[in-house]
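Participant: Quick one: structure below, then a few questions.
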Amino acid sequence: MTAAIETLETPSAQLPGRKRRITPMKTVQFVLLLLFAIIVLIPLYVVLVTSFKGGADVSSATAWDLPHIFSTEGWSSAITRLAPALGRSLILALAAAVLSSILGSLNGYVFAKWRFPGADAVFTAFLFGMFIPYQAVMIPLQKMLLELQTHGFGWLDGIPKLILVHTIYGIPICTLIFRNYYATAVPTEILEAARVDGAGMLRIYGSIVLPVSIPGFVVTLIWQFTSAWNDFLFALFLTSPRNGPVTYALQELAGGQNPDYPSIMAGVLVASLPTLIVYIALGRYFISGLMSGSVK
C-alpha cells in the first residue's frame with residue numbers, strides 16, 4: 001500500500017521541477033509578439049523623447065536622438081495651456097459615464113426581466129442607435145441644440161451640451177451590455193419570489209439587481225469614460241476652444257505657423273494619461289466584467 005502511494009505521489013512531486021520545452025512554434029510566437037510590441041512602441045518613443053527636447057533640438061534628422069539637454073519647458077507649457085480643458089474633460093467623462101451607465105442599467109433590467117408587448121422591437125430600435133454614424137447626424141444635431149439654447153436652455157453651452165450628447169449616444173451600448181448581463185447572471189426565480197412578496201419593479205431593482213450589477217457598471221463606466229474623454233468630433237461641432245474638452249484644446253495647441261513640438265508631444269502624453277491610468281488600474285476588471293455575464 002505504501003509503495004502504491006509513493007508511486008502515485010512521485011509524478012506530482014516532479015511536476016513543479018519539470019522544464020518547459022521551447023518549441024519552434026513558441027519561439028515564432030514570441031518573436032512576432034516582440035516585433036509587434038516594438039512597432040507599437042516606436043511612435044511612443046519618438047513622442048516621449050521629443051517632449052523633453054528644446055525647440056532648437058527638434059528636427060526630422062534628430063527625431064530618433066535622445067535630447068542633448070533634457071528640458072521640461074514643453075511639459076510646463078502644455079500643462080499650463082491644457083489645465084482648464086483637462087478639468088472640463090474630467091467633468092464631461094465622469095458625468096457622461098455615470099448617467100449613461102445608470103440609464104443603461106435600468107433599460108437592460110427592463111428588457112431582460114420585465115417583458116412587455118413590443119419589447120423586441122423597442123430593443124432593436126435601441127440597438128439601431130449604435131450603428132448610426134456620428135457624421136450623419138452632426139449637422140441636424142448641432143442645429144437642434146442651437147435651437148434649444150435660444151429657447152431658454154442657454155446653460156447647455158459647452159460641456160453640458162457634450163454631457164447630454166454622450167449620455168444619449170452611450171445608452172444603446174450600455175443597454176446592450178446590461179441586458180445581456182442581467183439575462184444570464186441574475187436568476188429569474190429570485191425576481192419572481194420578490195414579486196410574490198409584493199415587491200415592485202423599482203424595489204426589486206434597488207434591493208436585488210443593483211447590488212449584483214458591479215461587473216456591468218465596471219464595463220460601461222470604463223467604456224463610456226474613454227469614449228467621452230477621447231471624443232473630438234462632437235467637441236469640434238458643439239463647443240469652442242474656450243469651453244471645449246482637452247481634445248479641442250490639444251488641437252489648438254498643435255495649430256499655428258510655428259508649432260512648438262515639445263509642447264505638442266507633452267500635451268499628447270498629458271491628454272492620454274487619464275485613459276491610460278484607467279485601463280492599467282481597471283483593465284482586468286473590464287475583462288472579467290465582460291465575461292461575468294457570458295455563462296449562466
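Participant: Rounded to the nearest Å, what's the spacing between the alpha carbon centres of segment 107-133 and segment 139-181? Just the number, please.
Facilitator: Between the Cα centres of segment 107-133 and segment 139-181 lies a distance of 19 Å.
Participant: Considering only protein heavy atoms and a 1.4 Å probe, what is the carbon-and-sulfur percentage of the accessible area of the chain?
Facilitator: Carbon with sulfur: 70 percent of the solvent-accessible area.
Participant: Cβ under 13 Å from Phe153's Cβ, Phe153 left aside: what net charge do those residues give with Lys, Arg +1 and Asp, Glu -1?
Facilitator: -1
Participant: So, in Å, what gap is there between the alpha-carbon centers of segment 204-276 and segment 32-97?
Facilitator: Value for the Cα centre distance between the two parts: 16 Å.
Participant: For the chain, with every protein chain kept in place, what is the accessible area per residue (1.4 Å probe, Å²)?
Facilitator: 60 Å²
Participant: Same structure again: Which of these values of Rg and Dmax of the Cα atoms in Å was calculated from the structure shown: (1) 26.1, 91; (2) 19.4, 62; (3) 21.1, 69?
Facilitator: (1)
Participant: On to the next question. Give me the one-decimal nm value for the distance between modelled label points at Leu94 and Met201, 7 Å along each residue's Cα-to-Cβ direction.
Facilitator: Here the answer is 3.1 nm between the modelled labels.
Participant: Multiply the residue separation of Gln149 and Thr62 by 0.36 nm, subtract the distance between their alpha-carbon atoms, and state the gained length in nm to one decimal.
Facilitator: 26.3 nm
Participant: Which aspartates and glutamates, if any, have their Cα less than 16 Å from the Cα of Lys161, not counting same-chain residues under 8 positions apart?
Facilitator: Straight-distance partners of Lys161: Glu147, Asp231.
Participant: Can you give the helix-only mean residue ellipticity at 222 nm for the chain, where every DSSP H stretch with n ≥ 4 adds -39500 (n - 2.57) and the sum goes over all residues, rounded to the nearest 500 deg cm²/dmol?
Facilitator: The helix contribution divided over the chain gives -24000 deg cm²/dmol.
The values are calculated or read from the model by the stated rules, or taken from the named source; none is laboratory data. Nothing here was measured: the structure is a model prediction, and the numbers come from that model. So basically every Cβ, Gly included, is an ideal-geometry build from the backbone, and we count neighbours across all protein chains shown. Note: areas computed on protein heavy atoms with side chains; ligands, DNA, RNA excluded. Shrake-Rupley method; radii C 1.70, N 1.55, O 1.52, S 1.80 Å.
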